[in-house]
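S.K.: Input: one structure, supplied below.
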Amino acid sequence: MNDIIVRTENLIKTYNTGKVKIFALRGINLEIPRGSFSCIIGPSGHGKSTLMHLIGGLDKPTEGSVFIDGLDITGLSNSGLSELRAKRIGFVFQFFNLLQNLTSEENVETAMMFSKTPEKTQKEKAKELLSLVGLSDKFNAKPSELSGGQQQRIAIARALANDPEMLLMDEPTGNLDSESETEVLSQIFKLHKRGKTIIIVTHNSEIARKAEIVCKIKDGRVDK
Amino acid sequence: MNIPKLVIKNITRKKGRFVFTLLGITIGIASFVTLLSLGGGLKNEVKKQASELGANLIVTPKGWCAYEQISVLTGEQLPEAIPFDEVKKISAIKGLTAVPYLTERTAIKNNPVPVIGILYEEMKAFKGWEIEKGDYLSSQDEKAVIVGSGIAQQFKLNPMDMLTIRGEGFHVKGILKETGSKDDIAIFMPLSAAQKLYGVGDKVSFIAVKVDDISKTDEYILKIQETSNVAVVSDKQLLKSVLSIVGTVSITLQLIAAVAILAAAFGIINTMMTAISERRREIGILQAIGAKQRTIFGIFLLESGFYGILGGFIGVAGGLVFSSLSAPYISQNEFTAFLKGSDLAAALDLRLVIGSILFSFFVSIVSGLYPAWKASRLTPVEAISYE
């Protein structure tokens, strides 16, 4: 098995806003070992989230390649990328991004629906995952009835729904109070101990201190 | 979780918008079904009346228009223009039976009722009538009438009752057995009595002709026209011209309904476009957790189609109920006078029911194509970054 789960090769991303060409990433070369706990840090607007989107297949680079387990995902079709996201990557966002009209259980189930998991299994697994993040009493609660920390834990349960090898988190504690932050962080560390590869984009120095790999991005480049 | 469940949860989350959009397509389909059902009832009834007339040819005065031809079938009052001499000349032609009609009107308890002057013996043989109660007419001069079963039932008439027609008393001699035709809703009296009562001299309105050999119908038409200065139309021509008028009316009404459905279709497009704009971020989330573009397309198309299926079911049910409720009221109109009681057959037309639901589904799916395509074209990042 390849020990490097994510590798980027001269990753460039530009945006055209009218006549001006903006460089979000200016050639990122990165290697993330399987099972590691990695942090991407750096000032706001310097390309951290863009890098995460490219690694997760949410966006395509202008130049360069992203390899997941040796597979160049930049060559994949939209449909291929969707399948990759459904089965191999779990996302956690700063603003939770839960579906507001669904209960916590249904939010977790929806992720499994896209990977074609049978409905019965979806239900069992959703309950199991919600219990794992400490929300066994909130199966039928809608996101609006929950605190920020609880919502983020549901988002973590959803990210784990298809048992991905890798979790990509964009400022997962950025919108939480300190108590909720502690809850969520403890969940994240637990997941790392269970062997998941975790890549976190963050400003949080505590997370960065505990990370095995810290990659600082500045002006769209890796700051050595 | 499955896609249909997700679709229903999405569509019903804004209840007011859901109900109003649904009402649009429901009303469109209901009006479509009502008009189609009434139009179908009208066509069936025209065909039925044409066959109940029992004639192969209709002899009319020259210059009658289509409206008067329809009236032959509806039993409306008609101008009297054929002198009885012409009836005699036509009856003398070998190989055909001719029976004259003088169609007039009277009112019983303020309800208009057709009064038809007939040669009673010839008519009985021509129509094969049977008497339910009382006796049949027995003289051209008697001041008596026989009444159709519907009229007898409606006005509770029995043999020996007296009826006042144009200020003169006639006794009800007998009641006809139900025929299922407009004969059930008419009063018949001897021709000469009717001519005297209405002061029309020796004239009749039209003549129904039955020929012995149907293959020679065209020859008989020529013979009648040579013998007499009248117009002759075959039952098929009559049916065709009446149906073409009914058809034009039906198509016009359906076009009006089509406009209602078109407006509903734009209502669906508007609702879906608004939903996509509001749910941009959600589309991004779905893509991030693995939804493919075609799944997003399918979800939005199904949401739109759901309006069509549900609106179709409610609209068809509403349309059928409305058409059967409204038929008796529209039947006050002389053009649709014979609709009464005929709507049920059209109402149970399975083709109309299934066709309308499928049409509704089709309209909503077509309406949903553009919004669904727009939704599926969003990239995950642009959708998820949407504030």
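Each reported figure results from applying straightforward, stated rules to the coordinates on display, with no laboratory input. Note that this is a predicted model, so its numbers are computed, not measured. Every residue, glycine among them, receives a Cβ derived from its backbone with ideal geometry; neighbour counts consider all protein chains shown.
S.K.: Please report the spacing between the Cα centers of region A:173-224 and region B:270-296 in Å, no decimals.
M.R.: 29
S.K.: Determine the relative contact order of chain B: mean sequence separation of Cα pairs under 8 Å and six or more apart, normalised by residue count, in whole percent.
M.R.: Numbers: 647 pairs, mean separation 108.2, N = 387.
Relative contact order comes out at 28 percent.
S.K.: Compute the separation of the alpha-carbon centres of region B:118-181 and region B:1-42 and state it in Å as a whole number.
M.R.: Using only Cα atoms to place each centre, the spacing works out to 51 Å.
S.K.: Let me test this: with uniform point scatterers at the alpha carbons of region B:8-70, what is the Debye-based log₁₀ I(q)/I(0) at q = 0.13, 0.20, 0.22, 0.26 1/Å?
M.R.: Taken in order of the listed q values, log10 I(q)/I(0) reads -0.61, -0.89, -0.95, -1.06.
S.K.: About the Cα centre of region B:40-153, how large is the charge dipole given +1 on each Lys and Arg Cβ and -1 on each Asp and Glu Cβ? Please answer in debye to the nearest 20.
M.R.: That gives a dipole near 320 debye.
S.K.: Ratio of region B:153-215's C-alpha Rg to 2.2 N^0.38 Å, to two decimals?
M.R.: Cα-based Rg divided by the globular estimate yields 1.41.
S.K.: Also, I was wondering about something else. Which helices of chain B meet both criteria: a Cα extent of 24 Å or more along the helical axis and a mean Kyte-Doolittle score no lower than 1.0, with helices taken as whole DSSP H segments?
M.R.: Passing helices, by number: B:235-278, B:293-330, B:350-377.
S.K.: If you wrap chain A's Cα atoms in a convex hull and average its projection over all directions, what's the area in nm²?
M.R.: For chain A, averaging the hull's shadow over all directions gives 12.7 nm².
S.K.: When the chain is fully extended, how far beyond the present Cα-Cα distance does B:Ser138 get from B:Asn44, taking 0.36 nm per residue of separation?
M.R.: That pair, B:Ser138 and B:Asn44, stretches by 30.3 nm at full extension.
S.K.: Let me ask something else about it. Which one of B:Gly201, B:Ile108, B:Gly128 has its Cα pushed farthest toward the positive end of the charge dipole of region B:62-229, where Lys and Arg give +1 and Asp and Glu give -1 at the Cβ?
M.R.: B:Ile108
S.K.: Then there is this: Under a crude label model (7 Å from the Cα following the beta-carbon direction), how far is B:Lys240 from A:Asn175 in nanometres?
M.R.: Going by the 7 Å Cα→Cβ label model, 7.3 nm.
S.K.: Modelled label-to-label distance, B:Phe322 and A:Ser44, 7 Å Cα→beta-carbon offset: nm?
M.R.: 5.6
S.K.: Continuing with this model, one more query. In nm, give the distance between the simple-model label positions of A:Ile22 and A:Glu206, each being 7 Å from the Cα along the Cα-to-Cβ direction.
M.R.: It is 3.2 nm.
S.K.: At 0.36 nm per residue, and after removing the present C-alpha to C-alpha distance, how many nm does the segment from A:Asn78 to A:Arg194 gain when stretched out fully? Write down the numbers at each step before the final one.
M.R.: Details: separation 116, 0.36 × 116 = 41.76 nm, distance 3.06 nm.
Separation in residues times 0.36 nm, less the Cα-Cα distance, equals 38.7 nm.
S.K.: Another question about this same structure. A:Tyr15 label point, 7 Å along Cα→Cβ, cut-off 19 Å on backbone N: hits in region B:285-309?
M.R.: B:285, B:288
S.K.: In addition: If the viscosity is 0.692 mPa s and the temperature 37 °C, what translational diffusion coefficient in µm²/s does Stokes-Einstein give for chain B when Rh comes from Kirkwood over Cα pairs?
M.R.: Stokes-Einstein gives a translational diffusion coefficient of 133 µm²/s.
S.K.: Specify the angular offset, from 0 to 90 degrees and rounded to the nearest 10, of the alpha carbon long axis of helix A:104-113 from the longest principal axis of the alpha carbons in chain A.
M.R.: 60
S.K.: Measuring from the lowest to the highest alpha carbon on each principal axis, how far does region A:132-221 reach, largest first, in angstroms?
M.R.: On the principal axes, region A:132-221 reaches 44, 27, 21 Å in Cα extent.
S.K.: Helix A:178-193 versus the longest principal axis of chain A: what angle, 0 to 90°, nearest 10, using Cα atoms?
M.R.: Rounded to the nearest ten degrees, it is 80.
S.K.: Just from its helices, what would the mean residue ellipticity at 222 nm be for the protein assembly as shown, if runs of 4 or more DSSP H residues each count -39500 (n - 2.57) and the sum is divided by every residue, rounded to the nearest 500 deg cm²/dmol?
M.R.: -16000 deg cm²/dmol
S.K.: I've got another one for you. Working from the pairwise distances between different alpha carbons, so that the mean of 1/r is found and then inverted, what is the protein assembly as shown's Kirkwood radius in Å?
M.R.: 30.7
S.K.: A further question follows. Specify the residue with the greatest mean-square fluctuation among B:Val211, B:Val46, B:Val316, computed from a Gaussian network of chain B linking alpha-carbon atoms under 10 Å apart.
M.R.: B:Val211
S.K.: Using only Cα atoms, figure out Rg for region B:62-229 and give it as a multiple of 2.2 N^0.38 Å.
M.R.: On the way: Rg = 16.0 Å, N = 168, 2.2 N^0.38 = 15.4 Å.
After normalising by residue count via 2.2 N^0.38 Å, the value is 1.04.
S.K.: If you don't mind, there's one more thing I want to ask. Note the full-extension length gain between B:Lys94 and B:Thr248 as 0.36 nm times their separation in residues minus their Cα-Cα distance, in nm to one decimal.
M.R.: Fully extending the segment from B:Lys94 to B:Thr248 adds 51.6 nm.
S.K.: How far, in degrees from 0 to 90, does helix A:119-132 lean away from the longest principal axis of the Cα atoms of chain A, to the nearest 10?
M.R.: Around 80 degrees separate the two axes.
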